[in-house]
1. Taking region B:32-83, which residues are touching a residue at least 40 places away in the same chain (Cβ under 8 Å), acidic (Asp, Glu) and within 18 Å of C:Leu30 (Cβ to Cβ)?
2. Consider D:Ser64 carefully, then state whether it is surrounded by fewer than 21 Cβ atoms within 10 Å (Cβ to Cβ), among the hydroxyl-bearing types (Ser, Thr, Tyr), part of a helix (DSSP H, G or I) and out of contact with any Cys (no Cβ under 6 Å at 6 or more places or on another chain).
3. Considering only region D:179-197, state which residues are surrounded by 14 or more Cβ atoms within 10 Å (Cβ to Cβ), more than 19 Å from D:Gln129 (Cβ to Cβ), of a type outside the set (S, T, N, Q) and touching a Lys or Arg at 6+ places or on another chain (Cβ under 7 Å).
4. Restricting the search to region D:18-76, which residues are away from chain B (no Cβ under 14 Å) and basic (Lys, Arg)?
5. Scan region D:129-158 for residues that are of a type outside the set (S, T, N, Q), within 17 Å of C:Asn22 (Cα to Cα) and out of contact with any Pro (no Cβ under 8 Å at 6 or more places or on another chain) and jot them down.
6. Out of the residues in region D:4-23 that are outside any helix (DSSP H, G or I), among the charged types (D, E, K, R) and in contact with a strand residue (DSSP E or B) (Cβ under 9 Å, 6 or more places away or on another chain), which is surrounded by the most Cβ atoms within 10 Å (Cβ to Cβ)?
7. From the list B:Thr97, B:Thr28, pick out the single residue that is under 30 Å from A:Val118 (Cβ atoms), in contact with a His (Cβ under 7 Å, 6 or more places away or on another chain) and surrounded by fewer than 24 Cβ atoms within 10 Å (Cβ to Cβ).
8. Which number in (1) out of contact with any helix residue (DSSP H, G or I) (no Cβ under 6 Å at 6 or more places or on another chain); (2) crowded, with 22+ Cβ neighbours inside 10 Å; (3) closer than 25 Å to A:Pro173 by Cβ marks the one condition that C:Trp36 misses?
There are 4 protein chains.
Amino acid sequence: MAIEKQGEKILEGKRVQVKKLNEKFAWTKLLPDDEWYPKAVRRMIRPARWNWSDCKAKLQEIASDPIPGADRRFIILVHEDTEEMMGTAPGALIGMTILNPGEGLKAHRHTSFAIYHVLQGKGYDVMQQEDDPEPTKIEWTKGDTFLCPAWTYHQHVNDGDEQAIILTVQDFPLLAAQRNLLFEEPRGRDNIKQVNKKFVPHKDTEGSFKLDL
Amino acid sequence: MAIEKQGEKILEGKRVQVKKLNEKFAWTKLLPDDEWYPKAVRRMIRPARWNWSDCKAKLQEIASDPIPGADRRFIILVHEDTEEMMGTAPGALIGMTILNPGEGLKAHRHTSFAIYHVLQGKGYDVMQQEDDPEPTKIEWTKGDTFLCPAWTYHQHVNDGDEQAIILTVQDFPLLAAQRNLLFEEPRGRDNIKQVNKKFVPHKDTEGSFKLDL
Amino acid sequence: MAIEKQGEKILEGKRVQVKKLNEKFAWTKLLPDDEWYPKAVRRMIRPARWNWSDCKAKLQEIASDPIPGADRRFIILVHEDTEEMMGTAPGALIGMTILNPGEGLKAHRHTSFAIYHVLQGKGYDVMQQEDDPEPTKIEWTKGDTFLCPAWTYHQHVNDGDEQAIILTVQDFPLLAAQRNLLFEEPRGRDNIKQVNKKFVPHKDTEGSFKLDL
Amino acid sequence: MAIEKQGEKILEGKRVQVKKLNEKFAWTKLLPDDEWYPKAVRRMIRPARWNWSDCKAKLQEIASDPIPGADRRFIILVHEDTEEMMGTAPGALIGMTILNPGEGLKAHRHTSFAIYHVLQGKGYDVMQQEDDPEPTKIEWTKGDTFLCPAWTYHQHVNDGDEQAIILTVQDFPLLAAQRNLLFEEPRGRDNIKQVNKKFVPHKDTEGSFKLDL
């Protein structure tokens, strides 16, 4: 058996950037211990509270039509001490979704999970995983807790007569920090993108989440 | 403006599974504190060492042709206390790749990162990110450390005259536990799959990593 | 300046276990790629729902006196697909605490954070961080969300006239998997322990959490 | 059985800060979806390489006496795209320790793990876990890989005739981001501290790591 010189074949006829041996990558550094530690430690997180009266007011504000600015009716409870994480705690966020009667959202999926707890109203979710031949409709009502696992298509629908409010727990901030957050939005394999400054879900997928009002 | 009843439209004409209100999901449980804690805590991890003499012998074994069983020349240093993580430490693994002179691997990508440290030999990697118009060839030699970030196509090539041995650090076990590990293997959007018992990289992509010998 | 041979001094007069060079650690293994992958991938997580009617019934059960079995009135919403994580999702748990009017809990702290959302009732938390000269009393009422950061002493108190029910989000399962979960329970530096099969919080600190009824 | 009003007892005679209902915590915000996403996504990580020639030169620099600035002979391979993580990849760091013949380090422990790979030289580590009646001496030589688990006392000793160089893998950046990184340095329960801007290991424990030269 003759060993094939893969190396030559792999780049055959291809244009490539080359990083020669010993060439320095501009975005690397070698730091001694005493210079590194003070920069690597993070600020302490203080206890905090988000008042229901404030949340309720903000939810009513975004429940109006047209939605002011946003493409879905969702707020995030941010703790500023989490800094770049923009989380409620480091690695996790609490959000709240409000849906007017009859409203629904288009399907998408992401590598972050979402746990939902229904604070008000009734409705259902439609979820589908890669190997599911058909979607599952999961009905929910006030007090129920339900899970959308990672990389599962999902969409909320309010089929009740009052506004539905859903508390959401996500590990989005952890995955964004790890850089392993991927979104498919709207549904369609060509729309699978790694989330970063060059691809911002909802912003760069403008329209995909618009409520069909 | 008339509000459209999305709920009805979303499932219009679709076959769905339905989970009615109050129906129990068989895979859920409500556990009181005292029943939960003993099951939720994990076993302690003991200090450990993997001897170079053993690693070297195992690497030589898989450097032979045909590769016995595996589809690439890669070993993982497993600590049994990490149990289902199958890691070297909880959340991280150390692996070692050996490549005979002239050998290369096909490109793939995954949401786990990989940091490489060259223990022996010389060669190069070809990496490409989603927005890169062309790939980058990164040359490496003994002692160099280099990074393949999450969701970046990559492939090693040994273009030297001796065997190349590369120590690899990956957060695979953490991502597998989080269930946000995705593989694209071989390169091609239709091959993007979530890693789980129903899709095992290298096993379910048999052939995709075969060395072209 | 004479270099001191630290090595000899460090172990001077000490009894030690010795792991000689090349001695195999029984809990280590070197696995080739094809043997490792099928064991390292994890089972898929299915969508799930925990019904409020079931949660409510379970909460009422543990709200009775004496508490049946447990040392606090806390249930965890477990998803069996998370297996050893015993979480609601991989890496995170949703729990619910019920407190009868007038009840409080003793202070403890842990490296996991806790986000609380008040489902019913009113009361307050007492929290204190290492550098705080005095504790902070944080009042809460239905609908409020509040955070107890990592390694912060905390205790709930129900000072209202009805039962208080608090939904809790914790990253306990992630930290237990990482093995970096520490508890101090009850308050006191000598009680700082790493959580594992040899130290189970609440079980091995029996009495520390007993409600003072 | 009379229920005791815990609430009143807990704060009896104590000075406390009080956060009244509806009082706003200055470090909290409620952000709608469209304002939050662009801030919550992170920058992409580019491929990178740290050249051995550069690492070697930096290691020789800090191997001199007195150590210039630092209190131990340790460098970190920083990738600037990881920003506040100051890691080699998001969540993980590669460092390199150099020890002159005869040098050792004082014992400490932390909730991050460390995997070591010996690049040059020989020596041993002394490790001890909470339940170990006596420490374990783990001998190592070039090519060996060994693990110091989370919350395990450890110290390196070079008992060979040449400089020892050890590559180190740590999840420090992940734990610092999660804010569940604790250090005990030097050994002693009163020295257990949460790592943050108010407590920087090595800087705020000046002297504890000084080599005994």
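Computed from the coordinates by the stated procedures, all read-outs in this text should not be read as laboratory data. Computed from a predicted structure; not experimentally measured. Cβ: placed from backbone, ideal geometry, glycine included. Neighbour counts: every protein chain shown.
1. Correct list: B:Asp71, B:Glu83.
2. The answer is no for D:Ser64.
3. Answer for region D:179-197, where residues must be surrounded by 14 or more Cβ atoms within 10 Å (Cβ to Cβ), more than 19 Å from D:Gln129 (Cβ to Cβ), of a type outside the set (S, T, N, Q) and touching a Lys or Arg at 6+ places or on another chain (Cβ under 7 Å): just D:Arg179.
4. If the condition is that a residue be away from chain B (no Cβ under 14 Å) and basic (Lys, Arg), then D:Lys19, D:Lys20, D:Lys24, D:Lys29, D:Lys39, D:Arg72, D:Arg73 are the ones that fit.
5. Correct list: D:Lys137, D:Glu139, D:Trp140, D:Lys142, D:Gly143, D:Asp144.
6. D:Lys19
7. Working: B:Thr97 fails: under 30 Å from A:Val118 (Cβ atoms).
Matching residue, one of B:Thr97, B:Thr28: B:Thr28.
8. Of the numbered conditions (1) out of contact with any helix residue (DSSP H, G or I) (no Cβ under 6 Å at 6 or more places or on another chain); (2) crowded, with 22+ Cβ neighbours inside 10 Å; (3) closer than 25 Å to A:Pro173 by Cβ, the odd one out for C:Trp36 is (3).
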